[in-house]
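Participant: This is the structure I want to talk about, given as structure tokens.
The values are calculated or read from the model by the stated rules, or taken from the named source; none is laboratory data. What you see is a predicted model, and the numbers here were worked out from it, not measured in a lab. Note that each Cβ is placed from the backbone with ideal geometry, even for glycine, and that neighbours are counted across all protein chains shown.
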Amino acid sequence: MVLDLKMAGAGGQGASLGEAAYREMKERLIRGKYRPGYKMTVRAVAEELGVSSTPARDAINRLTSEGALVYAGPKTVIVPVLGELDLKELTTIRIVLEGLASEKAAPFGSEQHIEALGQIQGRISGALDAGNYDEALWHNKEFHFHVYEMAGLPHLVAMIESLWLRVGPSLYNLYPEFAQERNGVRNHQMAMEALAERDGAALRAAFENDIRDGYRLLRLAARSARM
């Protein structure tokens, strides 16, 4: 995907284009587009996004400062591979924060929100049926954050997003097992039912279960990679 310069700001210049490059790379990391261990350079990022080296370098520098990328050489960065301890810590925090966000979102459940979530889930299920796990991950983030943002707590959502920035690349390791078991589909269905009832405790439980189910597979993948 090449960045739309009109969307980057006035003329797509300077800091505006650097911000657009950063946001695009951040979104790709969160949605699992870049896998753990994936290597990139300023030149490669610039070509991929259709920008010059300056905004590409700025985006990489910001993401390394946030721990989403690490330097593997003078001109190369990689997406870090999370170990078991990292995954456990991130999962523990995610359960607390995402559980809180979903519970706080429950009172704002509406037919419009349920319909929107149903459409997103339809795209997830279709992608899983087709074995298109990239697309499934892309819409999975959309489903979760649609609910979290309903709570009207932007600082909480920002904290959750920072966690997804770290764990997002590892989510591809959920597949194909997660697709075969359809645990995520069931958890999302439970979430929609809870939201329809505006049941905060049930909505929180659905998202916490989703995180725990994913963690079990990610932990196994981390152990296998270590052997």
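Participant: Of the conditions (1) buried (at least 21 other Cβ atoms within 10 Å of the Cβ); (2) among the small types (G, A, S); (3) over 26 Å from K26 (Cα atoms); (4) in contact with a Pro (Cβ under 8 Å, 6 or more places away or on another chain), S170 fails just one. Which one is it?
Facilitator: Among (1) buried (at least 21 other Cβ atoms within 10 Å of the Cβ); (2) among the small types (G, A, S); (3) over 26 Å from K26 (Cα atoms); (4) in contact with a Pro (Cβ under 8 Å, 6 or more places away or on another chain), S170 violates only (3).
Participant: In addition: Among the listed residues E84, E149, identify the single one that is modelled with pLDDT of 95 or more and among the acidic types (D, E). I'd like the intermediate steps shown before the answer.
Facilitator: On the way: E84 fails: modelled with pLDDT of 95 or more.
Selected residue: E149, the only one of E84, E149 that is modelled with pLDDT of 95 or more and among the acidic types (D, E).
Participant: When you go through R204, R198 one by one, which is the residue that is outside the structural domain of A68 (by TED's automatic domain parsing), assigned to a loop (DSSP other than H, G, I, E, B), modelled with pLDDT of 95 or more and closer than 22 Å to Q119 by Cα? Give the steps one after another, and end with the answer.
Facilitator: Working: R204 fails: assigned to a loop (DSSP other than H, G, I, E, B).
Of the residues listed, the single one that is outside the structural domain of A68 (by TED's automatic domain parsing), assigned to a loop (DSSP other than H, G, I, E, B), modelled with pLDDT of 95 or more and closer than 22 Å to Q119 by Cα is R198.
Participant: Another question, if that's okay. I'd like the residue in the stretch 195-223 that is of a type in the set (A, V, I, L, M, F, W, C) and closer than 20 Å to G37 by Cβ and, out of all such residues, is farthest from the chain's Cα centre (by Cα).
Facilitator: The extreme case among them is L220.
Participant: Considering only the stretch 18-114, give the helices (runs of 4 or more DSSP H) lying wholly within it that have at least 3 residues that are of a type outside the set (D, E), assigned by TED's automatic domain parsing to the domain that holds N140 and surrounded by fewer than 19 Cβ atoms within 10 Å (Cβ to Cβ).
Facilitator: 84-105
Participant: Tell me whether the stretch 150-166 contains one or more residues that are under 18 Å from G184 (Cβ atoms), within 17 Å of the chain's Cα centre (by Cα) and not aliphatic (A, V, I, L, M). Steps first, please.
Facilitator: Initially, the stretch 150-166 is screened for residues under 18 Å from G184 (Cβ atoms), giving 160, 163-164.
Next, only the ones that are within 17 Å of the chain's Cα centre (by Cα) stay: 160, 163-164.
Next, only the ones that are not aliphatic (A, V, I, L, M) stay: 164.
Yes: the stretch 150-166 contains one or more residues that are under 18 Å from G184 (Cβ atoms), within 17 Å of the chain's Cα centre (by Cα) and not aliphatic (A, V, I, L, M).
Participant: For the stretch 41-56, indicate whether the set of residues that are under 22 Å from N140 (Cα atoms) and not charged (D, E, K, R) is non-empty. Lay out the reasoning, then the answer.
Facilitator: Step one: of the stretch 41-56, the residues under 22 Å from N140 (Cα atoms) are none.
Taking every residue of the stretch 41-56 in turn, none turns out to be under 22 Å from N140 (Cα atoms) and not charged (D, E, K, R).
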